[in-house]
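Written out below as structure tokens is the structure these notes cover.
The values are calculated or read from the model by the stated rules, or taken from the named source; none is laboratory data. Fair warning: this is a prediction, and the values are worked out from it, not measured in the lab. FYI the Cβ positions are ideal-geometry reconstructions off the backbone, even for glycines, and counts take in every protein chain you see. Accessible surface areas use protein heavy atoms only, side chains included; no ligands, DNA or RNA. Shrake-Rupley method; radii C 1.70, N 1.55, O 1.52, S 1.80 Å.
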Amino acid sequence: MINKNKINIIYYKVADHIIRVADRIGIDMDRALPNFVPFRLAEAEFGPNMTSIEVSSEKCDLDRDDLKLLSDVSVIWEERFRLEESKDSYITSILANSKEQTWTMKSSKDFAFSKVFLNIEEVYSTNKLSWLIMVSFGQACLNGRTLLIHASVVTKGNLGYAFLGKSGTGKSTHSRLWLSHIEGTELLNDDNPAIRVFPNGDTFIYGTPWSGKTHCYKNKKVQLAGITRLEQAPHNSFEWKSGSEAFVAVLPSGSAIRWDRFLFSQMVSILEAIISKIPVGHLKCLPDLEAVELSFLNLNERRMLNNG
């Protein structure tokens, strides 16, 4: 049941950044955002790169003549997604089916503040609110040298290894093979981890509330030890990339609005810092044990070499 008389402000911490959600409807937020529960803070906390989200059951009134269409397709929502731009805002919409209501999010140009106009009837039966918060956070956190990246990540000890690739390449499969065959490995995140580069060059990878179809929502961080881009092939081979080739290998997996010059340049800066510190490999592979042994051997050897 929705309690419309209750106003609540909830704080979450993701990748050491604060997400502030102002609930002015009276939603049971733990039920609406179950994947956020491990990241919820017991009390208010503030930070320089806080993302503020307000949820509303009002209708979002837009001047369609003032909007420029940037995209009308996404990997998740396919043709039901729309991103538009006005003079001072970005408008993200998940279009309605015949029996649904369009969900709309209006965001400041840096995405530090967003207002979500939701459909109360769907709030407990869909992941739309979670996804819209991810869109907002993924842009706002760039200002804090943090990047959401489309990847599957395994950990071994205090180190993390990220596997990138196009959808359907086999990132999750490769991670599961690591879990099965490399002792001491765990899954950190299976879809959208966050990488944060600190001023001293230390680079950490974090679990987040967004892990695709895999229920893996760990509030944990480890040092990023390697990045591997996967490509399906009839054989297994591994090659290290550097410079522009490493940048091109990682760029497609970064989450930033390409149409916004400032946000995109922030992402490029973060990626340049990442590839200057973190080894990047390219694995052509089959979904088999040999591919796991090959990636683990190369990543482990490079780590030992870097540690002297």
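The peptide list 156-163, 40-47, put in order of mean Cβ contacts within 10 Å with the highest first, becomes 156-163, 40-47. Of the cross-linked pairs 106/277; 218/241; 59/171; 106/218; 115/277, which ones have a Cα-Cα span greater than 32 Å in the structure shown? With Cα atoms farther than 32 Å apart: 106/277; 59/171; 115/277. Normalised per residue, the accessible area of the range 47-167 is 44 Å², obtained with a 1.4 Å probe and no contribution from ligands, DNA or RNA.
Remark on the chain: hydrodynamic radius 20.2 angstrom, per the Kirkwood mean of 1/r across alpha carbon pairs. With the helix formula -39500 (n - 2.57) applied to DSSP H stretches of n ≥ 4, the chain reaches a computed 222 nm mean residue ellipticity of -7000 deg cm²/dmol.
Once all protein chains are placed together, residue 248 keeps about 90 Å² accessible to a 1.4 angstrom probe. With both residues required to sit in the chain, DSSP beta bridges show an antiparallel share near 70%. Modelled label positions at residue 220 and residue 262, each set 7 Å beyond Cα in the direction of Cβ, lie 3.7 nm from each other. Here the relative contact order of the chain, from alpha carbon pairs under 8 Å that lie six or more residues apart, stands at 14 percent. With point charges of +1 on the Cβ of Lys and Arg and -1 on the Cβ of Asp and Glu, referenced to the Cα centre of the chain, which listed residue (259, 304, 95) lies farthest in the positive direction of the dipole? Working it through, the farthest residue towards the positive pole turns out to be 304. Summarising the strand pairing of the range 170-308, around 65 percent of its internal DSSP beta bridges are antiparallel. Magnitude of the charge dipole for the chain, about its Cα centre and with charges confined to Cβ atoms of Lys, Arg (+1) and Asp, Glu (-1), is about 340 debye. Surface composition of the chain: carbon plus sulfur atoms contribute 49% of the solvent-accessible area (1.4 Å probe, protein chains only, all chains present). Relative contact order of the range 1-148: 20 percent, from C-alpha pairs under 8 Å at least 6 residues apart in sequence.
Since only 142, 153, 185 are under comparison, the one whose Cα sits farthest along the positive direction of the charge dipole of the range 106-187, derived from C-beta charges on Lys, Arg, Asp and Glu, is 142.
Per residue, the accessible area of the range 170-241 comes to 45 Å² when a 1.4 Å probe rolls over the protein heavy atoms. Evaluated with a Cβ-only charge set (Lys, Arg +1; Asp, Glu -1), the range 196-308 carries a dipole of roughly 480 debye about its Cα centre, given to the nearest 20. With a ≥ b ≥ c taken as the square roots of the eigenvalues of the C-alpha gyration tensor of the range 208-286, please select rounded if a/c is under 1.5 and otherwise prolate if a/b is larger than b/c or oblate if it is not? It is oblate, given that a/c is not under 1.5 and a/b is not larger than b/c.
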